[in-house]
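The values are calculated or read from the model by the stated rules, or taken from the named source; none is laboratory data. Note that this is a predicted model, so its numbers are computed, not measured. Reconstructed Cβ throughout: ideal geometry from the backbone, glycine too, with neighbour counts over all protein chains shown.
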Amino acid sequence: WAGGATLPGTTGAALVDGLEARPGEVVIIKKRFSAFSHTHLDLVLRRLNVRTVAICGVQTPNCIRATAVDALGLDYEVVVLSDATASKSEAVQENNLEDMRCMGIKTPTTHGWAQALMP
């Protein structure tokens, strides 16, 4: 939130066209690096019996990693979609993905993950 780039009501916090929440969908406002920090995300996921969390987004060393580590600590199976995340450089991206793999976090591509879900 430093600098106000993603303050609620600003263009930085707006959802991408086509990803707007539909009536009745749960919306979680993320205020920290981790989507689990100071939110009710864990409660919502547990009520829905979710066991696996798939993560995508930008700034792998910050928000992606913090969310993934928190999810792992909360006993979720964690998948970070390697081609649906990004860092400031390829080296930073790969180092962070490797660190997460060492923690037991899966890092498939979106295609690989989708294929694994097929019966």
For this session: For the range 65-87, name all the residues that are farther than 23 Å from Gly12 by Cβ, of a type in the set (A, V, I, L, M, F, W, C) and in a helix (DSSP H, G or I).
Result: Val69, Ala71, Leu72
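Every residue, every condition in (1) in contact with a helix residue (DSSP H, G or I) (Cβ under 8 Å, 6 or more places away or on another chain); (2) under 15 Å from Gly73 (Cβ atoms), yes or no:
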position: Glu20; (1), (2): no, no
position: Ile28; (1), (2): yes, no
position: Phe36; (1), (2): yes, yes
position: Asp42; (1), (2): no, yes
For this session: State whether the residues of the range 33-52 include one that is under 13 Å from the mean Cα position of the chain (by Cα), at pLDDT 95 or above, among the basic types (Lys, Arg) and not in a strand (DSSP E or B).
Result: no
Exercise. Of Ala13, Ala21, which residue is without any contact (Cβ under 8 Å) to a residue 40 or more places away in the chain, touching a Ser or Thr at 6+ places or on another chain (Cβ under 7 Å) and more than 16 Å from Val80 (Cβ to Cβ)?
Worked result: Ala13
Problem set entry | Residue check for Asn62: without any contact (Cβ under 8 Å) to a residue 12 or more places away in the chain and outside any strand (DSSP E or B) | no
Exercise. Out of all the residues in the range 44-61, is one or more in contact with a Pro (Cβ under 6 Å, 6 or more places away or on another chain) and of a type outside the set (A, V, I, L, M)?
Worked result: no
For this session: Those residues that are part of a loop (DSSP other than H, G, I, E, B) and either of a type in the set (A, V, I, L, M, F, W, C) or surrounded by 13 or more Cβ atoms within 10 Å (Cβ to Cβ) (or both), I need them from the range 11-26; list them, please.
Result: Ala14, Leu15, Val16, Leu19, Ala21, Val26
For this session: For the range 100-119, enumerate the residues that are surrounded by 14 or more Cβ atoms within 10 Å (Cβ to Cβ) and among the charged types (D, E, K, R).
Result: Lys106
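Here's the yes/no breakdown for (1) polar (S, T, N, Q); (2) buried (at least 17 other Cβ atoms within 10 Å of the Cβ); (3) under 23 Å from Gln115 (Cα atoms):
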residue	(1), (2), (3)
Gly9	no, no, no
Ile28	no, no, no
Leu41	no, yes, no
Arg46	no, no, no
Pro61	no, no, no
Val69	no, yes, no
Val78	no, yes, yes
Ala86	no, no, yes
Exercise. What are the residues in the range 88-119 that are part of a helix (DSSP H, G or I) and either at positive phi or of a type in the set (S, T, N, Q) (or both), if any?
Worked result: Gln93, Asn95, Asn96, Thr110, Gln115
